[in-house]
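A quick write-up on the structure given underneath.
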Amino acid sequence: MAALQEQDRVTTVPATAARRRRGPSAAAWIQSVFLVVMALISLVPLLAILVGTFQDGNEVIRRGMTFDVDLGTLSLDNYVLLFTDSGPYFRWFANTLLLTVGQVAGTLLVSAFVAYGFAMYEFRTKTLWFIMVLLVMTVPFEMLMLPLYVQVNDMGLADTYVVIALPFLASAVTIFFFRQYFLGIPKEILEAGRMDGVSEFGIFFRLVLPITKPAMAAMAILNGMLCWNNFLWPLLVLRSPEKFTLPIGLNTLLTPYGNNYELLIIGAFFSLIPVLILFLAFQRFFIEGITAGAVKG
Amino acid sequence: MKQLLYSKRLAPYFFILPFLVTLAVFWVVPLGRSFVMSTQEVLYGQATFIGLDNYERLWQDRIFWQALFNSLRYMVLTLVLLIPIPLALAALINSNIGSARIKGFFKASMFVPALTSVVVAGIVFRLIFAESDTAIMNQVAEFFGFGPVRWLRGDITGLVALLAIALWRWTGVNMMYFLAGMQAIPTEYYEAASIDGASRFRQFLHITVPNLRPTIVYVVTISVYGGLAMFLESFMLYAGNNSPNNQGLTVVGYLYRKGIEENDLGFASAVGVVLLVIVMTINISYLVASGTFRKEAA
């Protein structure tokens, strides 16, 4: 690799020019057509559910999701149903929103706090604890669910939102991401704060946290999406129907003897809307947040 | 108090305290408890020590081996599909030909499925793979000259549906991982190589892949555990934890059935312990072999 770099210092300019000349437009065309076709295939399931929202629910269950529909049978009935007679649907929606906002705020604060300790200080057992963060990242939650479920039942915390959030406030992935971000902040800020007599925690809250906004945005999006879609742990914890979140509620509609398939299809579609709107508005932060950790510094 | 707030020596421990507490209360204690319960018979809150009986039962349990086979098969196939395909797509859009707008549209379209919950994805794919000849996948099958397929009744066709969900949801994410890694590779490497007359494909093999190593390690690690811990995709696709001849049953599905549905906590804990050992063995040996721990600790 060293040899390659050495050589390239002399030849960078001609190399770029050569490549630009060679770029055939036929290849570009084939590539574009291929990409568009792949993109459309990827969008098929979403388009299918969109079409499904205009169809009779029992019809969708009977015929499957399809684009082979008689245009005359499409109607806005499901939309009317959603906004007039959807039973607990908006209750689930509000519950999910409340839980997501609370859990994300808590996760950002706690995880940034922990990450700051790892990024800004030297201490004896640091390596050991940081390896624990990495290990926690490789243990899937599915393996913890049973003992955690037993423990939560014993502690009498079942059926509460607190217990849905509490085990995940110090989130390993979020800690990892914030730590990377903090490592890039000049230590002079800390020294300046100490000179001015600010406490160690004051430096974190008043000097460092305010300049962490881009990292906060990316992590808010990642954690927000995970909370909004969270299914398994709430499924184990929640008992009372009035506390159900969207994924739990939608799942209860998917029963063989259900008679509420209209609400199932439109409800599933509508649950995607907030995430899709946020994605269109903040695409960059989504991609940054979700790909966090892949490129290690 | 004031001294505590200003101590540079004690501050780091306060900062990492929430993690230490979480680690102890929600990881170490439950995992320890799992090990203890796996040596017990737990009935109505009464635990009796029975040694390794649960593990012996597990060893002789045909359904457990089937679930383990299903999980391993799914994990291997997701690795085979979800590393090379996203890698190739990332290389394609990282190339300097083609329109930036089409690439942007493509990236966004591939990424959107990752935003859906497993519940919504499961509902949609269950209905796309429905038995009716009008369902989308059966229309595709018809186009290729097959009759309507009863996808979710057959072992292999059911697996195809599960893999379709995985491909749909994760191709875009993995592609973005690889793309981010590729954009961190200095373009000079490629320029020098093309001067030397190396073909695009050779450049990909000898420059892109070696430089993407940390990203590939990361994606393999999360894919291994994601694959072995798969449960909800099957749970949603089959509208519950039961599938024909248990064809969609995974290790976590079996743990859920035994522990949550049948309340056989001791036996289910043994299932969990075996799964944990398998995942940790694969991942830790992989991370050590790839030198990740050494790099992070440094």
Q. Would you pick out the residues in the range B:21-35 that are more than 7 Å from chain A (Cβ to nearest Cβ) and within 14 Å of residue A:169 (Cα to Cα)?
A. B:21, B:24, B:25
Q | Residue list for the range A:147-176, filter: touching a Leu at 6+ places or on another chain (Cβ under 6 Å) and facing chain B (nearest Cβ under 8 Å) | A | A:149
Q. In the range B:149-170, how many are surrounded by fewer than 17 Cβ atoms within 10 Å (Cβ to Cβ) and part of a loop (DSSP other than H, G, I, E, B)?
A. 2
Q: Answer yes or no: is there a residue in the range A:79-93 that is touching a Leu at 6+ places or on another chain (Cβ under 7 Å) and either at positive phi or within 11 Å of chain B (Cβ to nearest Cβ) (or both).
A: no
Q) With A:222, A:109, A:207 as the choices, which residue is more than 8 Å from chain B (Cβ to nearest Cβ) and more than 30 Å from residue B:30 (Cβ to Cβ)? A) A:207
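Test residue A:69 against the stated conditions and say whether it is surrounded by 12 or more Cβ atoms within 10 Å (Cβ to Cβ), among the hydrophobic types (A, V, I, L, M, F, W, C) and in the same structural domain as residue A:265 (by TED's automatic domain parsing). Give the steps one after another, and end with the answer.
Working: surrounded by 12 or more Cβ atoms within 10 Å (Cβ to Cβ): yes; among the hydrophobic types (A, V, I, L, M, F, W, C): yes; in the same structural domain as residue A:265 (by TED's automatic domain parsing): no.
No; evaluated as a whole, the condition is false for this residue.
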Q. In the range A:229-236, is there at least one residue being assigned to a helix (DSSP H, G or I), assigned by TED's automatic domain parsing to the domain that holds residue A:102 and crowded, with 22+ Cβ neighbours inside 10 Å?
A. yes
(Q) When you check residue B:117 against the structure, is it crowded, with 21+ Cβ neighbours inside 10 Å, over 23 Å from residue A:52 (Cα atoms) and either small (Gly, Ala, Ser) or facing chain A (nearest Cβ under 7 Å) (or both), yes or no? (A) no
Q) Given the conditions (1) surrounded by fewer than 21 Cβ atoms within 10 Å (Cβ to Cβ); (2) touching a residue at least 12 places away in the same chain (Cβ under 8 Å); (3) in a helix (DSSP H, G or I), and given that residue A:239 satisfies all but one, which numbered condition is not satisfied? A) (3)
(Q) Looking at the range A:76-93, can you tell me whether even one residue there is touching a helix residue (DSSP H, G or I) at 6+ places or on another chain (Cβ under 6 Å) and of a type in the set (Val, Ile, Thr)? (A) no
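Taking the condition of a type outside the set (Ser, Thr, Tyr), under 23 Å from residue A:37 (Cβ atoms), assigned to a helix (DSSP H, G or I) and modelled with pLDDT under 90, does residue B:105 pass? Even if it seems obvious, please write down each step before you answer.
Values: of a type outside the set (Ser, Thr, Tyr): yes; under 23 Å from residue A:37 (Cβ atoms): yes; assigned to a helix (DSSP H, G or I): yes; modelled with pLDDT under 90: no.
Here the answer is no, as residue B:105 does not meet what is asked.
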Q) Which numbered condition trips up residue B:51, out of (1) more than 14 Å from chain A (Cβ to nearest Cβ); (2) part of a helix (DSSP H, G or I)? A) (2)
Q) Taking the range A:115-126 only, how many residues are within 7 Å of another protein chain (Cβ to nearest Cβ) and assigned to a loop (DSSP other than H, G, I, E, B)? A) 2
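Please return the ranges of helices (runs of 4 or more DSSP H) entirely within the range B:176-261 where 2 or more residues are among the hydrophobic types (A, V, I, L, M, F, W, C) and surrounded by 17 or more Cβ atoms within 10 Å (Cβ to Cβ). It would help to see each step written out before you state the result.
Details: elements: B:187-195, B:200-203, B:213-228, B:232-237, B:251-256.
Filter on the range B:176-261 gives B:187-195, B:213-228, B:232-237, B:251-256.
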Q | Candidates A:274, A:241, A:234, filtered to the one that is under 19 Å from residue A:106 (Cα atoms), out of contact with any Leu (no Cβ under 6 Å at 6 or more places or on another chain) and not aliphatic (A, V, I, L, M) | A | A:234
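Would you tally the residues in the range A:47-62 being in a helix (DSSP H, G or I) and surrounded by fewer than 19 Cβ atoms within 10 Å (Cβ to Cβ)? Break it down stepwise before answering.
Applying the first criterion (in a helix (DSSP H, G or I)) to the range A:47-62 yields A:47-52, A:57-62.
Adding the requirement that they be surrounded by fewer than 19 Cβ atoms within 10 Å (Cβ to Cβ) leaves A:47, A:50-51, A:58-59, A:62.
Residues flagged as in a helix (DSSP H, G or I) and surrounded by fewer than 19 Cβ atoms within 10 Å (Cβ to Cβ) within the range A:47-62 amount to 6.
Among the listed residues A:66, A:96, identify the single one that is within 12 Å of another protein chain (Cβ to nearest Cβ) and at pLDDT 95 or above.
Values: A:66 fails: at pLDDT 95 or above.
After ruling out the rest, the residue left standing is A:96.
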Q: Go through B:178, B:201 for me and flag whichever is under 18 Å from residue B:89 (Cβ atoms) and at pLDDT 90 or above.
A: B:178
(Q) Condition (residue is within 14 Å of chain A (Cβ to nearest Cβ) and closer than 29 Å to residue A:225 by Cα) applied to the range B:63-71: is it met by at least one residue? (A) yes
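The values are calculated or read from the model by the stated rules, or taken from the named source; none is laboratory data. Keep in mind that this is a model prediction, so the values were computed, not measured. Ideal geometry is used to build each Cβ from the backbone, glycine not excepted, and the neighbour counts take in all protein chains shown.
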